[in-house]
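One structure below.
What follows draws every value from the coordinates through simple rules; no lab data is involved. Just so you know, these numbers come straight off a predicted model, no measurement behind them. No Cβ is skipped: glycine too gets one built from the backbone with ideal geometry, and neighbour counts run over all protein chains shown.
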Amino acid sequence: MTILHKTPISMPEVKEIVGKLEEKTELKAYLKKFTKLSKAKAEELKKEINALNNIKIKEENVVKIIDFSPKEPEELNKIFTEVSLSEEETNAILAITRKY
């Protein structure tokens, strides 16, 4: 097997994919316990974060923001380990995540 392309996906997206598989009961239980947003809300959040057009925010970071839904700067800074966000950038992201 050869991996041709890797795309990060959020837990709501995984939950939808796994929901179609009957034999993945442990994974379904995990996703039910830890998924905070519905797929629709996750897509809305993703659009809003991407609308910031910040080059520091990579697709992997957006997925982590969706999965963890940070509400405080400290929580958000744990996601952005490779780059540092300014206070203005942090506040813009948190203003969006707090709505969800």
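The single residue among Ala51, Ala42 that is in contact with a helix residue (DSSP H, G or I) (Cβ under 7 Å, 6 or more places away or on another chain) and closer than 22 Å to Tyr100 by Cβ turns out to be Ala42.
Condition check ((1) out of contact with any Ser or Thr (no Cβ under 7 Å at 6 or more places or on another chain); (2) surrounded by 12 or more Cβ atoms within 10 Å (Cβ to Cβ); (3) of a type in the set (S, T, N, Q)) across all residues:
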{"residue": "Lys56", "(1), (2), (3)": "yes, yes, no"}
{"residue": "Lys64", "(1), (2), (3)": "yes, yes, no"}
{"residue": "Pro70", "(1), (2), (3)": "no, yes, no"}
{"residue": "Ile79", "(1), (2), (3)": "yes, yes, no"}
{"residue": "Glu82", "(1), (2), (3)": "yes, no, no"}
{"residue": "Glu89", "(1), (2), (3)": "yes, yes, no"}
{"residue": "Ala92", "(1), (2), (3)": "yes, yes, no"}
{"residue": "Ile96", "(1), (2), (3)": "yes, yes, no"}
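Among the residues of the stretch 19-38, those that are exposed (fewer than 15 other Cβ atoms within 10 Å of the Cβ) and closer than 15 Å to Ser69 by Cα comprise Lys33, Phe34, Lys36, Ser38. Of all the listed residues (Lys20, Lys6, Lys33), the sole one being basic (Lys, Arg), part of a helix (DSSP H, G or I) and free of Cβ contacts under 8 Å to residues at least 12 places away in the same chain is Lys33. Within the stretch 44-61, the set of residues being touching a residue at least 12 places away in the same chain (Cβ under 8 Å) and either touching a Cys at 6+ places or on another chain (Cβ under 7 Å) or in a helix (DSSP H, G or I) (or both) comprises Glu44, Leu45, Lys46, Glu48, Ile49, Asn50, Glu59, Glu60, Asn61. Just one residue in the set Lys28, Lys15, Lys64, Lys71 is in contact (Cβ under 8 Å) with a residue 24 or more places away in the chain, assigned to a helix (DSSP H, G or I) and touching a helix residue (DSSP H, G or I) at 6+ places or on another chain (Cβ under 8 Å); that residue is Lys15. Selection of the stretch 5-18 for residues being surrounded by 10 or more Cβ atoms within 10 Å (Cβ to Cβ) and of a type in the set (Val, Ile, Thr) yields Ile9, Val14, Ile17, Val18. Of all residues in the stretch 18-39, those that are under 16 Å from the mean Cα position of the chain (by Cα) and more than 22 Å from Ile79 (Cβ to Cβ) total 1.
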